[in-house]
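Please read the structure below before turning to the comments.
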Amino acid sequence: MSDTSLSDAVYGLPPAELADVPPGAVQVSPLVPGSARLEDCADLSLARVWMLAPPGTVERRFVLAQALRALRPGGDLLALAPKDRGGARLARELSDLGCGSAEEARRHHRICRVVRPEGALPLDAALSEGAPRHIDNLALCTQPGIFSWDRLDPGSALLLATLPALKGAGADLGCGLGILARAVLASPAVTALTLVDVDRRAVEMARRNVGDPRSSIRWADIRAADLGLTRLDFVVTNPPFHDGGAEDQKLGQVFIRRAAEALRPGGSLWLTANAHLPYERVLGEAFKAVTVKASAHGYKVFEARK
Ligand SMILES: C[S@@+](CC[C@H](N)C(=O)[O-])C[C@H]1O[C@@H](n2cnc3c(N)ncnc32)[C@H](O)[C@@H]1O
């Protein structure tokens, strides 16, 4: 579906002191629930795009190419990123996409301004490299930029190896591609499973990968949303511990509190985490009994009973 009504778009949250984004610019980041899809903007339709470019190389080249595809000739792109998280490569990447840029260094960022030239640009390789696809090693649909998009995360692998067959209604908080959800739904005693993720690409891929009538999938930020989940029998999660590229242990702690709120008394949280993360105290505060069920290769699996 094409949305031709947009004129100004912003991707992510560029620091206000580095990019003067007008209040009317429409958010197109997949990490902001409810935002528009940059992929749906019609070719040559946008007048201006501001972008805090993501750190992953394939993902960044894809979104730069999407922005240039959607910009009209003479339209402006301002793309910026911290120097050590892709910023140092922005000008070169834009040049590979057929665009010269004026580059500026400020506050540890590289800021590139582009006026989209007339005519066709060499965008196809970047657009196809970053697009959703099915990959055989996971046997799942996935897209660069999603957490662990092309391999099984070792923490998730340990949880999969440890998880018993679950029963009743539950949730998968931070569902990613739906790897944990698929394993949970293999148990016929599971009656319902709500999957939640802040990444729209993950939600779209989980819809394709899970496809089970007992599942429902929500694009939401666990920190903000009242998910309306109550009296659940179980929650599974491999919580994130990064936000915007920086380690954020508080995020995982919010996941634990949200899980505790969503469970019925006696319900269980199954959580996998990097062993160095300080989750024991929060688990102990929110749950009656906490047991380490597995520990290997730097990861731990907890069962916490409410
Ligand atoms: C460590 S990954 C686990 C993904 C998947 N469950 C797996 O095992 O492969 C954590 C997931 O949480 C999502 N996430 C991060 N912050 C979130 C938030 N505030 N609200 C909801 N989901 C979030 C990420 O997009 C990511 O998919």
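Every read-out reported here was derived from the displayed coordinates using simple, explicitly stated rules and does not represent laboratory data. It should be emphasised that the depicted structure is a prediction, and the values quoted were computed from it without experimental measurement. Neighbour counts are summed over all protein chains in view; Cβ atoms, including those assigned to glycine, are modelled from backbone coordinates with ideal geometry.
Looking at the stretch 79-123, the GluC sites (Glu not before Pro) that sit in a DSSP loop and have at most 10 other Cβ atoms within 10 Å of their own Cβ are GLU118. When the Cα convex hull of the stretch 110-183 is projected onto planes of every orientation, the mean area is 8.5 nm². In this structure, HIS276 and GLU118 have a Cβ-Cβ separation that, at R0 = 41 Å, corresponds to a calculated FRET efficiency of about 0.20. Taking every DSSP bridge with both residues inside the chain, close to 50 percent are antiparallel. Per residue, the convex hull around the alpha carbon atoms of the stretch 88-139 comes to 116 Å³. Contact order for the stretch 8-129, expressed relative to its length and based on alpha carbon pairs under 8 Å spaced 6+ residues apart, stands at 23 percent. Enter the angle in degrees (range 0 to 90, nearest 10) between the Cα long axis of helix 200-210 and the first principal axis of the Cα atoms of the chain, meaning the one along which they spread out most. Helix 200-210 sits roughly 50 degrees off the main axis of the chain. For the stretch 1-100, the Cβ-based charge dipole about the Cα centre amounts to some 260 debye (Lys, Arg positive; Asp, Glu negative; other atoms uncharged).
Calculated from the alpha-carbon coordinates, the stretch 1-91 shows an Rg and a Dmax of 12.2, 36 Å respectively.
Taking the DSSP beta bridges with both ends in the stretch 8-129, the antiparallel portion is around 50 percent. Between the C-alpha center of the stretch 153-210 and that of the stretch 13-46 there is a gap of 30 Å. The convex hull defined by the C-alpha atoms of the stretch 166-234 has an orientation-averaged projected area of 4.1 nm². Ordering GLY178, THR272, ALA91 by the projection of their Cα atoms onto the charge dipole of the chain, which places +1 on the Cβ of Lys and Arg and -1 on the Cβ of Asp and Glu, puts THR272 at the extreme positive end. Principal axis analysis of the Cα atoms in the chain yields extents of 62, 39, 36 Å, listed in decreasing size.
Across the alpha-carbon atoms of the stretch 23-68, the computed radius of gyration and Dmax are 10.5, 29 angstrom. Ratio of Rg to Rh for the stretch 115-266: 1.03 [Cα atoms; Kirkwood radius as inverse mean 1/r over pairs].
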